[in-house]
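Only the coordinates and a few stated rules stand behind these numbers; no lab work does. Here the structure is a predicted model, which means the values were calculated and not measured. Counting neighbours? That spans all protein chains shown, and the Cβs are built from the backbone with ideal geometry, glycine included.
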Amino acid sequence: MGSLLEVKDLATYFYTDEGIIKALDGVSFSIDEGEILGLVGETGCGKSVTATSIMGLIPSPPGRIVRGSILFNGRELLSLSERQMRSIRGREIAMIFQDPASSLNPVFRVGFQVAEAIWAHLKTPIREALLKAAELFGRVNIPDPLVAISRYPHQLSGGMKQRVMIAMALSLNPKLLIADEPTTALDVSIQAQILSLIKRLQRDYGSSVLLISHDLGVISTMAHRVAVMYSGLIVEEGRAEDLFQKPLHPYTQGLLAAIPRVDEDKSELAVIEGTIPDLTNPPAGCRFHPRCPWVMKICEAERPPLKAVEPKHKVACHAYAG
Amino acid sequence: MVKFIVRRLMLLIPVLIGVSVIAFLMLHLAPGDPAELLAGLEASAEDIAALRTRFGLDKPLFVQYFMFLKGLFDGSLISLKYEMPAASVIFPRILNTLKLACASIVVAVAVGMIAGIVSAVRRHSLVDYVSTTLALLGVSMPVFWWGLILIMIFSVYLRWLPSGGMGGLRYLVLPAIVLGTASAGAIARMTRSSMMEVLKQDYITAAKAKGLPERLVIYRHALRNALIPTVTVVGLEFGYMLAGAVLTETVFSWPGVGRLIVDSILARDYPVVQASLVLVAGVFVLVNLGVDVLYAFLDPRIRYD
């Protein structure tokens, strides 16, 4: 199977009064058809900006994609007009957001909001689109779909709202689903339900998924492949089992070590020393070097390229140069 | 909803009682004997005594109050100046005021909302700067000055529109613009800020992510939410237009209730002043009720029962 999405050297900057925020500075990764790619990293490392860049929804000004390429299904998204991009949004690439409470419009009925997405692309009469919405509600396990379509967002629980968002995202059978922290705002018991729903639907529909999360647990249960992001760059990428069993990058190792375990008797939590770098003025060379336990001379001067050191396992670290 | 409206209409009763008590007491709170006040400086002692009996000023205060209330409805509250029931003096004036206020609010809403929306969507552009400046100017311009300028241009030089008085629609144009200008400015500022706030929300990004055209995202998803604070301002502005259009009415010789109140105060026509206050307060409360009903219509989260 070939790549559905290929992001190459993507750089998105925000031009603010305080300076240029280099939110993404050369991000590359790809997603195959039918694959779930997990994108992990700390808050503020550029995960969401990656998602909005792909969707073409970077608020401009102040944001701008300054270089790179986003090939989707063989088409360069960055060279499309707003009109062409609109026909892709929602139809070929759909998105699920972090907080279902704020991503549904409070003044419209949820059924209408789903139907509207169908209408926007297929010009289906709204009555028919509403029936389609009810059918989708059934598929995402919302009880009483025909009643639920006429509910307003505030009448539904967080989990139900996220199901509505998923129904909306799947309404046009997109090839790629971007799920940006889809369970972060939900209760733990609901999280598992939503995740297994996404996984089931992904299998049924054969879509590819870009799953963004800061939660390694979520990523490990869901993703086929994982990309680790740090300070606007991908530092490691590989198959989920390889990456979790044998993390190569010191940052990934730190992340995995920082997960508290119940079977270990430790009084202190493991942490990665230091703080995430300021994106207006990132460290030269490898952006992780001020926090890196293995730091060498070259790390301060040269940015390590992302390259394969084992089959299907890439890392951006000078320690693997030899 | 019906229950809510009925409940609010019932609430009108205590409000009107409160206002009527204040309006009634006004005459008695003024220093000196109300009868002397009514009679004027040169009145003889007999005149004053006659007035006192005529208006029941020799009766206990609460009896006088009920006489006043009764007089409001049965027409026995007589205007001193016009010598006819106060209610019949006020009623046509209120209709005139309503006519002017409706025309003005239409002007204000149309101009203000369009300017506010355009400003918010294309913020920090030239259009935005021009419209924010004009809005500030509109809010700050004194009504009498702005009215005279418009009369000078459109009545004196161009001779397109009458400079004052009442008649067909042509007579309504200039006063409606003058009275609507400040409100248009206030509405534009409120629409701009609430629209900008709404455009930052996640559901706007989500609406765009569905592939909706920009136009629908703005006019359907954003505007409906941004209207809620704007409606509050529109309601308040409409209330002020009903009660406080004295300046505009004076500049354009518009026979409205604001001028009536001022003229009546100057002419010491207390019954008319008192009755007008009660009526204007009633209209004000009704406008507020209308705004509250509109809220529920715009935002499904607001339900009053």
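Given +1 at the Cβ of Lys and Arg, -1 at the Cβ of Asp and Glu and no other charges, the dipole of the protein assembly as shown around its Cα centre is 1660 debye to the nearest 20. Dimensions of the range B:87-298 from C-alpha coordinates, computed as largest minus smallest value along each principal axis and given longest first, are 65, 42, 27 Å.
Per-residue extension of 0.36 nm, minus the Cα-Cα distance of residue A:284 and residue A:78, leaves a gain of 71.4 nm for this segment.
Which is farthest toward the positive dipole end of chain A among A:299, A:43, A:11, measuring Cα position about the Cα centre, with Cβ charges +1 (Lys, Arg) and -1 (Asp, Glu)? My answer, from the dipole projection, is A:11. Among the listed pairs A:123/B:208; A:199/A:307; A:123/B:200, those whose Cα-Cα separation exceeds 20 Å are A:199/A:307; A:123/B:200. Summing charges over neighbours of residue B:230, with a neighbour being any other residue whose Cβ is under 15 Å away from its Cβ, gives -1 when K and R count +1 and D and E count -1.
Charged neighbours of residue A:184, selected by a Cβ distance under 12 Å, balance to -4 (K, R count +1; D, E count -1). Peptide B:220-231 has a mean of 2 when you count, residue by residue, the C-beta atoms of other protein chains within 10 Å of its C-beta. Charge dipole (Cα centre; +1 on Lys/Arg Cβ, -1 on Asp/Glu Cβ; no other charges) of chain B amounts to roughly 1500 debye. Note on residue A:122/residue A:239: beta-carbon distance plugged into 1/(1 + (r/R0)^6) with R0 of 41 Å gives a FRET efficiency of 0.65.
For trypsin sites (Lys or Arg not before Pro), the sites in the range A:238-322 that DSSP calls loop and that have at most 16 other Cβ atoms within 10 Å are A:261, A:266, A:312. Would you mind finding the longest exposed-site-free stretch of chain A, with exposed GluC sites (Glu not before Pro) meaning DSSP loop and at most 14 other Cβ atoms within 10 Å? Longest stretch, sites excluded: A:19-263. Peptide A:151-157 has a mean of 2 when you count, residue by residue, the C-beta atoms of other protein chains within 10 Å of its C-beta. Does the range B:173-283 classify as rounded, prolate or oblate by the C-alpha gyration tensor (a ≥ b ≥ c root eigenvalues; a/c under 1.5 gives rounded; else a/b over b/c gives prolate, otherwise oblate)? It is prolate, given that a/c is not under 1.5 and a/b is the larger ratio. GNM on chain A, alpha-carbon springs under 10 angstrom: the most fluctuating residue among A:244, A:137, A:97 is A:244.
Counting, for every residue in A:91-104, the Cβ atoms of other protein chains within 10 Å of its Cβ and taking the mean gives 3.
Quick check: Cα centre of the range B:201-271 to Cα centre of the range A:135-161, how many Å? First find each Cα centre; the distance between them is then 37 Å.
In terms of its alpha-carbon gyration tensor, the range A:5-82 comes out oblate; a/c meets the 1.5 threshold, while b/c is at least as large as a/b. Axis angle, to the nearest 10 degrees, between helix B:2-29 and the longest C-alpha principal axis of chain B: 40 degrees.
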